[in-house]
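The values are calculated or read from the model by the stated rules, or taken from the named source; none is laboratory data. For clarity, every value in this text was computed on a predicted model and none was experimentally measured. We place every Cβ from the backbone using ideal geometry, glycine too, and count neighbours over all the protein chains shown.
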Amino acid sequence: MTNVNTRQPTASFDGPYYLSIGGKLAVADDSFEVINPATGAGLARAPAASIAQLDEAIAAARTAFRSWSALGYGERQRYLEAYADALDAHRDELARLLVLEQGKPLKTMAEPEVDQAISWIRQIAARRIPVEIVEETDSHVVELHHTPLGVIGAITPWNFPVLLALWKVAPALITGNTMVIKPSPFTPLTSLRFGQIAQSVLPPGVLSVVSGKDELGPHMTAHPEIAKISFTGSTATGKHVIRSAAGTMKRVTLELGGNDAAIVMPDADWEAIVPQLFWGAVGNSGQWCVGIKRLYVHRSFHAQFVDAFVAYAARQKMGDGLDPEVTVGPVQNRMQFDKVKGILEDIKAQGYKVVLGGDVDPDRPGYFIPVTVVDNPPENSLIVREEQFAPIVPIIAYDDIDDVVERANDSPYGLGGSVWGRDTQAAVAVANRLETGMVWVNEIHIQGVDIPFGGHKQSGLGTEHGDEGRRLFTNPKTILIRK
Ligand code: NAD
């Protein structure tokens, strides 16, 4: 198992697409259609794995665990670096395929997503969890080891299908676990492709990718041979996962939904930050777990801010992500499109003030929601209370800091948030009061392998990234040795 195999996969990026199970590419008896959200037309057919094939992938991961976990960090690092190199060799094809199945713009979103994922693998490959001596006396020494858990089941969503999956692969594998990934049925193609690439460099069974229909997720979460589920998706599904995982006392990390508030303080240089706030809300067509979903702006400049935000928004081009001029793509799937159209209808029915967008072109193919700005909707409106996951931005006026903090915290979610102001100390004081897993101050969406990422309240359980996140792929094991 020590030789890194650099054989490249042979199938083309245009398909056909294969499952990867136990080191081999596999076809399935069944398949399902993957839609290009920019056209609404079929893009490719993805294999729908049977339950037996999922079981086979889990069994292969279990077998591979014995030898993979026995390797040292150094050898696993070599494999992961070889994997990053192999992905890099296919970087352009992966990014293009990501646009086709997800809809995001190529240059501003898809290429950075693939690049960040590859860089993440390289950086994590160099991280270690050393053995700690937690106590040493005349009579004994106590060591704390972090041993791998076994087979990790990864379940991923459709908004960042490459990055969110590889965020799980790198820490799971470097700490000695093996993994089976089940991608979202809306965006399985990039995962199938990077799974296929993995088979050319990693030992058989270390990383399998199994796409399929709705029954696969629950089967994974209940499976006795899976030690942990690393899940990213909605809060509603996260609750199913935790219930199902309880049967076998699986470890779970849940990265769930959010309704992040951005608070623009009374002293903010608000004109300068309009572009950052715009992209924080509308980047990836608003389909970002930590996207700005509620924008609270001090009343003293709220009206001018709305004008500047709308002027910036009006300069963007919406369309097919492969068009180099396009900066805003479609939403990813028909279900999301219909849900968002329902939110737009509610905004109209309630008579809220729409200062940009608001109307979906019924004749346009694809799932295009125009960038929409809603001026000061009430706190109890659907657009403020719910996670819209779309390029619809409510810009809400506030007068008082205590009041805006209370409104920001008045949510079952607690994923991220941001505070913007010239007086950094005052902004940090507000950040300290937000009930979330992450807050950015005069920044947005900076992430890093050593920066813990996770949700408070119903936005999640556990953490990804950072030492904390890596440790959650391990079992803390104490060894007491009598001298
Ligand atoms: P989703 O919950 O519908 O699906 C996520 C995954 O779970 C998919 O692979 C799906 O097939 C699978 N799944 C569905 N039912 C299942 C079940 N009963 N058991 C096991 N697996 C099941 O989420 P989505 O619509 O794909 O993604 C959007 C959501 O994800 C948003 O709420 C967003 O905020 C959230 N999200 C969170 C983060 C984060 O890091 N906190 C990141 C990205 C997205």
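To keep it simple, each residue is scored yes or no on (1) more than 26 Å from LEU54 (Cβ to Cβ); (2) in contact (Cβ under 8 Å) with a residue 40 or more places away in the chain; (3) out of contact with any Gly (no Cβ under 6 Å at 6 or more places or on another chain).
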residue: ILE121; (1), (2), (3): no, yes, yes
residue: ALA125; (1), (2), (3): yes, yes, yes
residue: PRO148; (1), (2), (3): no, yes, no
residue: ILE155; (1), (2), (3): no, yes, no
residue: GLN196; (1), (2), (3): no, yes, yes
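Taking (1) under 16 Å from GLU56 (Cα atoms); (2) within 7 Å of the ligand (Cβ to nearest atom); (3) surrounded by fewer than 21 Cβ atoms within 10 Å (Cβ to Cβ) in turn, THR221 satisfies each apart from (3). Note on the stretch 103-193: enclosed strands (runs of 3 or more DSSP E) holding 1 or more residues that are more than 15 Å from the ligand (Cβ to nearest atom), β-branched (Val, Ile, Thr) and surrounded by fewer than 23 Cβ atoms within 10 Å (Cβ to Cβ) are 132-136, 140-148. Counted as qualifying within the stretch 342-399 are the strands (runs of 3 or more DSSP E) with 1 or more residues that are surrounded by 22 or more Cβ atoms within 10 Å (Cβ to Cβ), namely 372-375, 392-398.
Test each condition in (1) over 24 Å from MET265 (Cβ atoms); (2) more than 15 Å from the ligand (Cβ to nearest atom) for VAL331 and report the one that comes out false. For VAL331, the exception is condition (2). Looking only at the stretch 180-211, count every residue that is in contact with a Pro (Cβ under 7 Å, 6 or more places away or on another chain) and over 18 Å from PHE13 (Cα atoms) and tell me the total. Going through the stretch 180-211 one residue at a time, the tally reaches 1.
The set of residues from the stretch 462-483 being buried (at least 17 other Cβ atoms within 10 Å of the Cβ) and not in a loop (DSSP other than H, G, I, E, B) comprises GLU464, GLY466, GLY469, ARG470, THR474. Summed over the stretch 28-43, residues that are at positive phi and not in a loop (DSSP other than H, G, I, E, B) total 0. Could you please give the count of residues in the stretch 434-447 that are over 25 Å from ALA272 (Cα atoms) and not acidic (Asp, Glu)? So the answer is 2. Condition check: away from the ligand (no atom under 14 Å from the Cβ), assigned to a loop (DSSP other than H, G, I, E, B) and of a type outside the set (Val, Ile, Thr). Does GLU325 satisfy that? In short, yes.
Give VAL241, VAL274 a once-over and let me know the one that is within 29 Å of ARG385 (Cβ to Cβ) and more than 13 Å from the ligand (Cβ to nearest atom). Give the derivation first.
Working: VAL241 fails: more than 13 Å from the ligand (Cβ to nearest atom).
The match here is VAL274.
If you check LEU94 against the conditions, is it under 21 Å from the mean Cα position of the chain (by Cα) and either of a type in the set (A, V, I, L, M) or modelled with pLDDT of 95 or more (or both)? The answer is yes for LEU94.
Would a scan of the stretch 47-67 turn up a residue that is closer than 30 Å to GLY366 by Cβ, surrounded by 19 or more Cβ atoms within 10 Å (Cβ to Cβ) and in contact with a helix residue (DSSP H, G or I) (Cβ under 8 Å, 6 or more places away or on another chain)? Scanning the stretch 47-67, I find at least one residue that is closer than 30 Å to GLY366 by Cβ, surrounded by 19 or more Cβ atoms within 10 Å (Cβ to Cβ) and in contact with a helix residue (DSSP H, G or I) (Cβ under 8 Å, 6 or more places away or on another chain), so the answer is yes.
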